[in-house]
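First up is the structure itself, then whatever we jot down about it.
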Amino acid sequence: MKIAVFPGSFDPITKGHKDIVTRALPLFDKIIIAIGVNNQKQYLYTLDQRVQWLKKVFEGEEKVTVDHFEGLTAHYCNRINAGYLIRGLRNAADFDYEKTISQLNNIVGHDLETVFFISRPQYSHISSTIVREIIKGEGDASPFIPQEITL
Ligand code: ADP
C-alpha cells in the first residue's frame, strides 16, 4: 500500500495545494494531508479551522484524510507507515529549500522518499503568505482559494 503524506501549514489552503493533491491522487493508495504544528510559529487561522477547510475541500475523496502532528515530519511518516512525502515546487527558491529538506528526510525517515510536483503555471504565483496579506489588507482572496470554502 502506497501511503503518502502531504505536510504543510495550510494557513490557509490554496488552489495551489488542492491542485498538488489532485495530481498526486493517481500515484498513491492513500494521501494524508498533515498539518505540522510548530508551537514557536504564529498562525493566522486556528488548527481546527485549517483542518475543517481541508476536510471540506476533499470531502468525498476516499483516498484523502486530514491529520496534524508535532515534531519531525519524518518521524510522523515512519510512525504511520507512510513511505512518501509530497511537496510542491513553484520556483528555484522552493527547489533550493526542498532539496536539502528531502535529503535530510531520506536519512532521518529511513529511506522516506519525497515526490515533487512542479506547480502548474496558473498556480505558481499563489502562496498562503500572499493570501494572508490580502486578508489582512481586507482584499478579496477568493481567486486563490478552492471554491468549496469561504474564508
Ligand atoms: P510549509 O509551511 O511547509 O511551506 P505550506 O502550507 O506553505 O507549508 O505548503 C505546503 C506545500 O505546498 C509545500 O510543498 C509548498 O511548496 C506547496 N505549495 C504551496 N503553494 C503552492 C502552489 N501554489 N503550487 C504548488 N505547490 C504549492
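The values are calculated or read from the model by the stated rules, or taken from the named source; none is laboratory data. Everything numeric in this text was worked out from a predicted model, so none of it was measured. Positions of Cβ are generated from backbone atoms using ideal geometry, with glycine treated the same way; all protein chains shown enter the neighbour counts.
Residues of region 97-125 being in contact (Cβ under 8 Å) with a residue 60 or more places away in the chain and within 27 Å of Ile3 (Cβ to Cβ), which ones? Matches in region 97-125: Val115, Phe117, Ser119, Arg120, Tyr123.
Picking from residues in region 111-125 that are closer than 16 Å to Asp19 by Cα and of a type in the set (S, T, N, Q), the one that is farthest from the ligand (Cβ to nearest atom) is Gln122.
Consider region 1-19 and keep the residues that are outside any strand (DSSP E or B) and of a type in the set (A, V, I, L, M). The one that is farthest from Arg79 (Cα to Cα) is Ile13. Might you let me know whether region 56-63 holds any residue that is closer than 18 Å to Pro146 by Cα, acidic (Asp, Glu) and more than 11 Å from the ligand (Cβ to nearest atom)? Within region 56-63, one or more residues are closer than 18 Å to Pro146 by Cα, acidic (Asp, Glu) and more than 11 Å from the ligand (Cβ to nearest atom).
Scanning region 1-13 turns up no residue that is basic (Lys, Arg) and closer than 26 Å to Ser124 by Cβ. Checked against the criterion of being within 13 Å of the ligand (Cβ to nearest atom), touching a Lys or Arg at 6+ places or on another chain (Cβ under 7 Å) and over 21 Å from Gln122 (Cα atoms), region 42-53 has at least one qualifying residue. When only residues in region 91-110 that are within 13 Å of the ligand (Cβ to nearest atom) and closer than 21 Å to Ile32 by Cα count, which is surrounded by the fewest Cβ atoms within 10 Å (Cβ to Cβ)? In this case the residue turns out to be Ile101. Of the residues screened, Val37 is not one that is of a type outside the set (Gly, Ala, Ser), touching a Cys at 6+ places or on another chain (Cβ under 7 Å) and either away from the ligand (no atom under 13 Å from the Cβ) or modelled with pLDDT of 95 or more (or both). Scanning region 9-28 for residues that are touching a Gly at 6+ places or on another chain (Cβ under 8 Å) and farther than 20 Å from Gln147 by Cβ gives a single hit, Ser9.
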